[in-house]
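Every number in this text was worked out from the coordinates using simple rules, so none of it is lab data. Model, not experiment: these values are computed from the prediction.
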Amino acid sequence: MTNNLGFNSQIPRFETEIEKKMHKVVSSLRYGEKITISTNSMSQDEEKALTKALNKSAKYNCIQLKIQKTRQENSINICVNGF
């Protein structure tokens, strides 16, 4: 019982708009499904925030994401792997 005292403080919060949008995307993915997100108009900082939001949502949903950045196509490929 004493181990669960910090339960509410350990739940990740999705506060920014990009975190909320990526959480909706990741929550709707199925195992083995692959999606591509275009990064043509994004800066490096926005791409890092996007990747961080994807990993945060994956941890919340207890799934493992395979995230690949492709520079030729200016996109990020995301695939769901179960563990």
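The table below lists the values:
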quantity: Helix axis angle, 17-27 relative to the chain longest principal axis, alpha carbon, degrees; calculated: 80 degrees
quantity: Under-5 Å amide H pairs with Gln64, H placed in peptide plane, nonlocal only; calculated: Asn81, Phe83
quantity: Whether the range 14-81 is rounded, prolate or oblate, judged on the alpha carbon gyration tensor where a/c under 1.5 counts as rounded; calculated: oblate
quantity: Relative contact order of the chain, defined on C-alpha pairs under 8 angstrom at six or more residues apart (%); calculated: 34 percent
quantity: Nearest 10 degrees, 0 to 90: helix 44-61 Cα axis against the chain principal axis; calculated: 40 degrees
